[in-house]
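Structure, as structure tokens:
The values are calculated or read from the model by the stated rules, or taken from the named source; none is laboratory data. The shown structure was predicted, so the numbers you read here are calculated from the model rather than taken from an experiment. Counting neighbours? That spans all protein chains shown, and the Cβs are built from the backbone with ideal geometry, glycine included.
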Amino acid sequence: MSDEKIVIGVDGGTTAVKAVAFDLSGGIRATHHESVPVNYGKLGEAEQDMEAIWQGVASCLREVRAQCPDNEIVAIGLTGQGDGAWLVDRDGKPTRPAATWLDGRAGERVNEWTKNGKAEKVLETSGTTVFGGLFPVLYEEFAENDPDVLAASATHLYCKDWLRYRLTGERLTDYTEASRTFLDVTSMEYSQDMADALGMPEALRLLPPAVASDAPGGVVTEEAAAETGIPAGTPVGVGMIDVAVTGAGLRAVDDGDGWLILGTTGFVGRLQAKAADRKSNLSMVLATGRGSQVLEFLVPMTGTPNLDWIRDVLGFQDRGWDEIEKDARSAPAGSGGVVYLPYASPGGERAPFLDTAASASWMGMSLTTPNSQILRAVYEGVAFSLVECVDTLKMGGDLVVSGGGFRSDLLCEILADTTGQRVVRQEAPEAGARGAAVLALVSAGAAKDVAEAADMLKTGMEEFLPSPEKYDIYRRTHEVFKAARKAIQPVWPQMRELRRESEA
């Protein structure tokens, strides 16, 4: 019988959920993932079945436990997609499908908030820029169009909080997620003043207590044990929103530390000593729960779905990503003048600029343009979006990257070549689950703090050095990219209107 101890990290992603078992030296002992669909509507809705997400996680935990039947489980850590509206009633049953961070039904409401001062109040209090998938925006949307749902709801639980509730019965959140609702990131308390200013004073009743992300979050109940195969009584951590939890896995816990993630969305962030130290009024901040420290970040919605989309458009569904990337490399840096604007999200774009009407397009093509240039332009467009965020936050030094999108060597190289900075990639996969596991070790008392837990589960790093030859090419191409966007941006609203008319 094995006496090796393991810690399990659960990552409730947007398109897939997973559970990963790590030994206490950071090695992966078991992993399993389940796909979870996003249901899109004609008015910009992007919803998910909360029960289906829980069943997917339960299946992942059963499978991981089956692969490690004799190992002692020290703790379970949690992370997941952020934002949206995840509403449950007094009995803990969902009152509607979760409206996810991708939801774009309230796009016009975002524009109204920008004009009437509500967006400014949100930014002033919580450090958050307003977009369609933000909880207060969706709360107003439901208050006007589906008030019975709000009346029946007792608690708003983000994805990882919903999963913890199903595991432990505890209704909690952490400070990073609370920052996406009504938290004042200076006082670290929910702001009644902000709720009043937004015209929704009663919304605070839905918010669970906010506690530190490395605090205990309860234990697995008998009911959850029967569904997951995890022994009842196993400690469960509070956890953290997915864009922030990778920092824990990378041992990025000190002021000035930063990192990039590329998944369904992008992420560029760094830790600041206090909210007043933020480098840009275009950024968002999250309270970390470590004193006055905040995570300042930009989250462009220009992630890996762009790559999935071009694979389908070019009919490359049967090709592996290595082969697709080889095709992209056959085109020169700069893609022969082809520019791709990667704003394909139904909700538009939120960083480093806000435009709910933003749309994707290729520009600079002709009858002689080969597929390889169209393909490479997508890789470059996604990278350029991240580079703009790096520039906005004035991030110097090494760029530490993680996430599924950065498994692409080409993306790492373009990022290095465009910025002129060394890119350092975490070698091991499952960065989100690893960060969740790090926090869980602290919450269970198996490590004294996040730094010690991160050292226990640390992994190797791989470097990408910038090419001086390509730096000038990419910088000039990036300038063309920004000029092309500026030129087409004025007609984005009309394009959206034509799209709505055709769908209707």
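Odds and ends about this structure:
- Among the residues of segment 344-386, those that are without any contact (Cβ under 8 Å) to a residue 12 or more places away in the chain and either of a type in the set (S, T, N, Q) or in contact with a Pro (Cβ under 7 Å, 6 or more places away or on another chain) (or both) comprise SER366, THR368.
- Scanning segment 122-165 for residues being touching an Asp or Glu at 6+ places or on another chain (Cβ under 8 Å) and part of a helix (DSSP H, G or I) gives a total of 8.
- For ALA447: the one exception among (1) surrounded by fewer than 23 Cβ atoms within 10 Å (Cβ to Cβ); (2) in a loop (DSSP other than H, G, I, E, B): (1)
- Test: VAL36 is farther than 25 Å from LEU207 by Cα and either modelled with pLDDT under 95 or among the β-branched types (Val, Ile, Thr) (or both): yes
- Here LYS486, LYS470, LYS458 are screened, and the one residue that is in a helix (DSSP H, G or I), touching a residue at least 12 places away in the same chain (Cβ under 8 Å) and out of contact with any Pro (no Cβ under 7 Å at 6 or more places or on another chain) is LYS470.
- Selection count, segment 427-444, where residues are closer than 19 Å to ALA212 by Cβ, part of a loop (DSSP other than H, G, I, E, B) and at pLDDT below 95: 0
- Summed over segment 100-131, residues that are within 17 Å of the chain's Cα centre (by Cα) and either without any contact (Cβ under 8 Å) to a residue 24 or more places away in the chain or over 22 Å from GLU296 (Cβ atoms) (or both) total 4.
- Set side by side, the residues GLY334, GLY397 differ, and just one is under 19 Å from PHE267 (Cβ atoms), among the small types (Gly, Ala, Ser) and over 23 Å from the mean Cα position of the chain (by Cα), which is GLY397.
- The conditions of being β-branched (Val, Ile, Thr) and not in a helix (DSSP H, G or I) are not met by ILE53.
- Being surrounded by fewer than 22 Cβ atoms within 10 Å (Cβ to Cβ), closer than 27 Å to GLY256 by Cβ and at pLDDT 95 or above is a property that holds for GLY420.
- Flag if GLY218 is at pLDDT below 95 and either under 25 Å from the mean Cα position of the chain (by Cα) or surrounded by 17 or more Cβ atoms within 10 Å (Cβ to Cβ) (or both): no
- GLU47 vs. criteria charged (D, E, K, R) and either surrounded by fewer than 18 Cβ atoms within 10 Å (Cβ to Cβ) or farther than 30 Å from VAL149 by Cα (or both): no
- Residue in segment 84-96 that is assigned to a helix (DSSP H, G or I), surrounded by fewer than 22 Cβ atoms within 10 Å (Cβ to Cβ) and basic (Lys, Arg) present: no
- None of ALA232, ALA276, ALA252 is outside any strand (DSSP E or B) and crowded, with 20+ Cβ neighbours inside 10 Å except ALA252.
For every residue, the table says whether it meets (1) within 23 Å of ARG90 (Cβ to Cβ); (2) modelled with pLDDT under 95; (3) hydroxyl-bearing (Ser, Thr, Tyr); (4) touching a Pro at 6+ places or on another chain (Cβ under 7 Å).
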| position | (1), (2), (3), (4) |
| --- | --- |
| LEU157 | yes, no, no, yes |
| TYR165 | yes, no, yes, no |
| TYR175 | no, no, yes, no |
| THR186 | no, yes, yes, no |
| TYR190 | yes, no, yes, no |
| ASP193 | no, no, no, no |
| PRO201 | yes, no, no, no |
| LEU206 | yes, no, no, no |
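- Annotation: CYS159 fulfils all but one of (1) crowded, with 23+ Cβ neighbours inside 10 Å; (2) farther than 24 Å from ALA232 by Cα; the unmet one is (2).
- Among the residues of segment 98-111, the ones that are modelled with pLDDT of 95 or more and either among the hydrophobic types (A, V, I, L, M, F, W, C) or surrounded by fewer than 18 Cβ atoms within 10 Å (Cβ to Cβ) (or both) come to 2 in all.
- Of the criteria (1) out of contact with any Ser or Thr (no Cβ under 6 Å at 6 or more places or on another chain); (2) within 21 Å of ALA440 (Cα to Cα), which one GLU45 fails: (2)
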